[in-house]
Structure formats: C-alpha cells, structure tokens
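Remarks on the structure that follows.
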Amino acid sequence: MERVYNFSAGPATLPLEVLEISSNEMTNYHSSGMSVMEMSHRSKEYKKIFDEAKQDLIDLMEIPSTYEVLFLQGGASTQFAMIPMNIMGGSNKAVFVDTGAWSTKAIKEAKNFGEVKVIASSKETTYNYIPEIKSEDIDTDADFFYITSNNTIYGTEYKSLPKTEVPIVADMSSNILSKPINVSDYGIIFAGAQKNIGPSGVTVVIIRKDLLERSDGTLPTMFDYNTHVKADSMFNTPPTYSIYIAGLVFKWLKRKGGLSEIEKINKKKADLLYDYIDNSKLFSNPVAKKDCSAMNVTFILPSEELNAKFIEEAAKKGLKTLKGHRSVGGMRASIYNAMPYEGVKALVDFMKEFEETNQ
Ligand SMILES: *Cc1c(COP(=O)(O)O)cnc(C)c1O
C-alpha cells in the first residue's frame, strides 16, 4: 500500500521527510542507544532536542524576547479556560468574535471567569464569513480581545486584524506557521500541534511577558502560566516525543526557506483549488471569497448523494479524509504546510474527472 494524500483536518498529514527521519532514529537516537520516547526529559540529549525545537520556532516566527514560548499539554481546548484564568484579572471583561464552534467553546469557558462580550458573530449564516471588526467595537478596558484566526470547520480565515491596545488572543491551531505574522500584534498566540505543527499531545503557547503578571498566585499550580515559564515547560514531564517531532517539522520548515516561502507554496495550493471550484459548474464553495482559508478548503456538490459518491470515489483514488465536519456536511480539504502541491493537483484532477462524468 502506497501512502495516500490525507486531507484530514487533524491529526493531519506530516512531511514524509520528517516521518522518515524519525523512523530512522526510532530505536537508537543519535547513538544514544535509545529511542527519544524512552529518554528522561531531564537528560542532556533530550534537553538539546527541546532547546533546538524552541529556538527553531522562535526563529521561524521571529518571536521577540518580550514573549515566552511554552510547550504545554491539554490541547488547545485547555487554553480556552487557562487564558481567562490567567489574564482576566483586570476589568474582568473579555471581548470575543464568534466565528464558529471553537470560538463558541472558548466563549463558554471564559464565562466561568468573568464577563464575556461577543461583539460579532457569523453564526446565522453557518459561519461562512469573518465579521468586520473596527477598533471602536472593542471595549478599551477589556482584559483581552479574542479571535479564532482560522476556522478549521468552516474554512474561513482572518486576513487582517483590527488595531487595538487591548491584548489580542488568537487561537491559531489551524494556521500557525502557514505564513509570516507579526507576533508583536498579539498578547497570546496558541495552537494545538496536530494540524500544522506535529503530532497531537503538545500545545504551543506564545505569551507576552507583561501578561504573566496578571495572575495573583492563587491558581492551581498546573494552570498558572508562571509555573511553566519558571520551569521552561518542564515543571512536569512534557510530551517529549510530540515535541521531538514538532522540532523535526520546524527544521523541515527552515530547510524549505521559512514562513515566507511556505506561504508562497500554500497560496499556490489554495489558488489552484479555489480557482477550479470558482469556475466549476458542479462544485461550489459556501464561504465569502475575501475570507477563504488557505488551510481548510470547504466545498459542496448539489446533493447529499453526490457528496457521498465523491468522497467514496476519491478515497479509492488515494485521496482520503475529504468528508466535511459533521456540523456542516459537504467536503473539506485540509491543505496544511505538509500537504504537497502534488496532492492538491491530484485532488483537482479528480474533481475535474468527477465533474465530467456527473454532469
Ligand atoms: C482543532 C482545534 C481546536 C481543538 O484542539 P485540541 O488540541 O483538540 O483541544 C481548537 N481550535 C481550533 C481552531 C482547532 O482547529
């Protein structure tokens, strides 16, 4: 069986090169006589793996020294609670934009810790666009302003940010590392790894240092960012193997030329797919053109029967996991960094063939 093109939204496809390196190193990492999985997180060998992964991420994203970089557990979902717990101690109010299921979950958690103001939502049209936000919409006394930068389920993505003095918190789980961003525009950036970083099990949190002063020291130890900052993400055993693979992905990205180069490739992939859908008489895309995600491309056929037929026949051609999220139906092609251009080309070729035989 050959490898397939896996369009899964997450856990998602990884660079083949990374899988090959890790498989070569599986039983005996760099003559240590053991697998990375078997290493003490306090060992010299592992410390080097960890330090390099962290530094490579800092290099790739050009993270200023006024930020801390943490590798935590509990997924992006734990951050939905951890963020308000840690930084909602000022006015005790936070401002949110509701752009889908992940924002909704974050809103629900924040409500346990203070006042939540949802200033815009695209729920009424099944989240098929990103609401326009102006600076004056954001309460200046809010503790933070929260967005989901890429909406994995619906295929929408923020292309710009409102100007505000309020710290912006962004859930970048599904578009972190897909393009260069200005880290200084944000208070907190976080992302579960299993979409565009590596295997599940590790969550990256990038937090501006001044925000760390907001927690009053009464939080449970594991839920206080300061615990993890002080211990450099080693207060307890970190997800060692996930961090190692993430580190290999960071090195792969560096070899590719970094984020401005990967952005070009991602744009080429997304353009190929969207251009075809836009000109197709059979396939259509429910998302507002200006907000289309470069990472998760959603599309539909005129009937449920055709959707099901397409997904089934695509799978037979080695184009896997194209079913849309159960809440929206249709199809979704997740084309993260690790999805090669050839994979998207193979998908578009198959879509053309399907269109010809299903007029
Ligand atoms: C997948 C996803 C999550 C949830 O991540 P977990 O690590 O499973 O908690 C949160 N936000 C976005 C945008 C996602 O795509």
Kindly indicate whether any position in the stretch 78-100 is surrounded by fewer than 16 Cβ atoms within 10 Å (Cβ to Cβ) and touching a His at 6+ places or on another chain (Cβ under 8 Å). no
Taking the stretch 139-160 only, how many residues are within 16 Å of the ligand (Cβ to nearest atom), closer than 12 Å to residue 186 by Cα and hydrophobic (A, V, I, L, M, F, W, C)? 1
Going through the stretch 162-190 one residue at a time, which ones are of a type in the set (A, V, I, L, M), within 16 Å of the ligand (Cβ to nearest atom) and in a loop (DSSP other than H, G, I, E, B)? 172, 176, 177, 181
From the list 106, 94, exactly one residue is modelled with pLDDT of 95 or more and part of a helix (DSSP H, G or I). Which is it? 106
For residue 127, only one of the following conditions fails: (1) crowded, with 17+ Cβ neighbours inside 10 Å; (2) within 16 Å of the ligand (Cβ to nearest atom); (3) more than 17 Å from residue 325 (Cβ to Cβ). What is its number? (3)
Just one of (1) basic (Lys, Arg); (2) free of Cβ contacts under 8 Å to residues at least 12 places away in the same chain; (3) within 14 Å of the ligand (Cβ to nearest atom) trips up residue 111, so point out which. (3)
I'm trying to understand the selection: among the residues of the stretch 281-318, which are closer than 16 Å to residue 7 by Cα, surrounded by fewer than 16 Cβ atoms within 10 Å (Cβ to Cβ) and touching a residue at least 12 places away in the same chain (Cβ under 8 Å)? 313, 317, 318
Hey, can you tell me all the residues within the stretch 195-211 that are within 11 Å of the ligand (Cβ to nearest atom) and either buried (at least 24 other Cβ atoms within 10 Å of the Cβ) or under 17 Å from residue 58 (Cβ atoms) (or both)? 195, 196, 197, 202, 203, 204
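Yes/no per residue for (1) among the hydrophobic types (A, V, I, L, M, F, W, C); (2) surrounded by 21 or more Cβ atoms within 10 Å (Cβ to Cβ); (3) closer than 30 Å to residue 122 by Cβ; (4) without any contact (Cβ under 8 Å) to a residue 40 or more places away in the chain:
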site: 238; (1), (2), (3), (4): no, yes, no, no
site: 241; (1), (2), (3), (4): no, no, no, no
site: 245; (1), (2), (3), (4): yes, yes, no, no
site: 252; (1), (2), (3), (4): yes, no, no, no
site: 258; (1), (2), (3), (4): no, no, no, no
site: 267; (1), (2), (3), (4): no, no, yes, yes
site: 270; (1), (2), (3), (4): yes, yes, yes, no
site: 279; (1), (2), (3), (4): no, no, yes, yes
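Among the residues of the stretch 18-48, which ones are over 29 Å from residue 151 (Cβ atoms) and in contact (Cβ under 8 Å) with a residue 40 or more places away in the chain?
Quick first cut of the stretch 18-48, residues over 29 Å from residue 151 (Cβ atoms) only: 20-48.
Selection gives 21, 22, 36, 37, 39, 41, 42, 46.
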Name, by its number, the condition in (1) of a type in the set (Val, Ile, Thr); (2) part of a loop (DSSP other than H, G, I, E, B); (3) within 19 Å of residue 287 (Cβ to Cβ); (4) touching a strand residue (DSSP E or B) at 6+ places or on another chain (Cβ under 7 Å) that does not hold for residue 147. (2)
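The values are calculated or read from the model by the stated rules, or taken from the named source; none is laboratory data. Quantities reported herein were computed from a predicted structural model and do not represent experimental measurements. Positions of Cβ are generated from backbone atoms using ideal geometry, with glycine treated the same way; all protein chains shown enter the neighbour counts.
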